[in-house]
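Take a look at the structure below.
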Amino acid sequence: MKRIAIFASGSGSNAEKICEHFAGRTDVAVSLILTNNPQAGVIIRAMKYQVPVVVFNKKLFAETGKILEILQNERIDLIVLAGFMMLVPAELVRSYPDKMINIHPALLPKYGGKGMYGDFVHEAVVQAGETESGITIHYVNEHYDEGAVIFQASCEVLPTDTPADVATKIHVLEHQHYPRIVDELISGQL
Ligand code: GAR
């Protein structure tokens, strides 16, 4: 059995889609969800799939040792960041070489980096008058949004689209592709 840990900070719709994708599978399971936000919607979503949740604070995350211990005790094979809004400490990144991935709501390298997350990305895309945006699934390294790209998909941005419209289109793409890419990676097909 391969085991996935998901890190999420907010609503958790991507985390839920991944849980749903693997529900009932005997070869892969979502074993743990970790969040830095005690109010995160992802906590309720995790309960629906009976996935245990670990809530941690900034200090605990920065010290890394405890989180690493939890991940190792759970024998985690792949770490999936799904709407996780903190930089992962270098030591944790180094402990999971090519075993930690992220989804970003834009076509990296555009609209990436510190401060570019969630709705800020869609606001910047609309502000710049872009005619397309998209999603990027990539390996995590020690810098925001800079790891090697695994997959990208794009969508049209219309002149009349608001940031909320773009967010909706991006979520559709994310839900369509992220669970599948996670599956292909953990099953060794990618
Ligand atoms: C997603 O669009 C994800 O790409 C983005 O946050 C949203 C979380 O939605 N992540 C980042 O911006 C990370 N830099 P969700 O909580 O509904 O899955």
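Inside segment 50-88, residues that are within 16 Å of the ligand (Cβ to nearest atom) and open to solvent by less than 60 Å² (accessible area, probe 1.4 Å) make up a count of 11. If I filter segment 118-125 for residues that are more than 16 Å from the ligand (Cβ to nearest atom) and open to solvent by 10 Å² or more (accessible area, probe 1.4 Å), do I get at least one hit? No, the conditions are met nowhere in segment 118-125. For segment 1-35, the set of residues classified as within 9 Å of the ligand (Cβ to nearest atom) and either surrounded by 19 or more Cβ atoms within 10 Å (Cβ to Cβ) or not hydroxyl-bearing (Ser, Thr, Tyr) (or both) consists of 8, 9, 10, 12, 14, 15, 16, 17, listed by residue number. Remark: residue 158 falls outside the filter, which requires a residue to be modelled with pLDDT under 95 and either open to solvent by 50 Å² or more (accessible area, probe 1.4 Å) or touching a His at 6+ places or on another chain (Cβ under 6 Å) (or both). Checked against the criterion of being at pLDDT 95 or above, away from the ligand (no atom under 11 Å from the Cβ), under 25 Å from residue 39 (Cα atoms) and open to solvent by less than 20 Å² (accessible area, probe 1.4 Å), the candidates 101, 181 yield just one match: 101. Quick one: residue 120 ticks every box in (1) more than 15 Å from the chain's Cα centre (by Cα); (2) at pLDDT below 95 except a single one, so which number is it? Answer for residue 120: the failing condition is (2). Could you please give the count of residues in segment 36-49 that are among the aliphatic types (A, V, I, L, M) and within 9 Å of the ligand (Cβ to nearest atom)? Summing the residues that are among the aliphatic types (A, V, I, L, M) and within 9 Å of the ligand (Cβ to nearest atom) in segment 36-49 gives 2.
Only one of the listed residues (161, 165, 183) is charged (D, E, K, R) and in contact (Cβ under 8 Å) with a residue 60 or more places away in the chain. That residue is 183. Screening the candidates 3, 25 for the property of being out of contact with any Phe, Trp or Tyr (no Cβ under 7 Å at 6 or more places or on another chain), closer than 18 Å to residue 101 by Cβ and charged (D, E, K, R) yields one hit, 3.
Contact map, segment 124-153: first residue modelled with pLDDT of 95 or more, second residue surrounded by 19 or more Cβ atoms within 10 Å (Cβ to Cβ) and of a type in the set (D, E, K, R), Cβ cut-off under 6 Å, separation 6 or more or different chains; pairs are 135/174.
The values are calculated or read from the model by the stated rules, or taken from the named source; none is laboratory data. Bear in mind that the values here come from a model prediction, so they are computed numbers and not experimental data. Neighbour counts are summed over all protein chains in view; Cβ atoms, including those assigned to glycine, are modelled from backbone coordinates with ideal geometry. Protein only, heavy atoms only, side chains kept; ligands, DNA and RNA dropped before computing areas. Shrake-Rupley method; radii C 1.70, N 1.55, O 1.52, S 1.80 Å.
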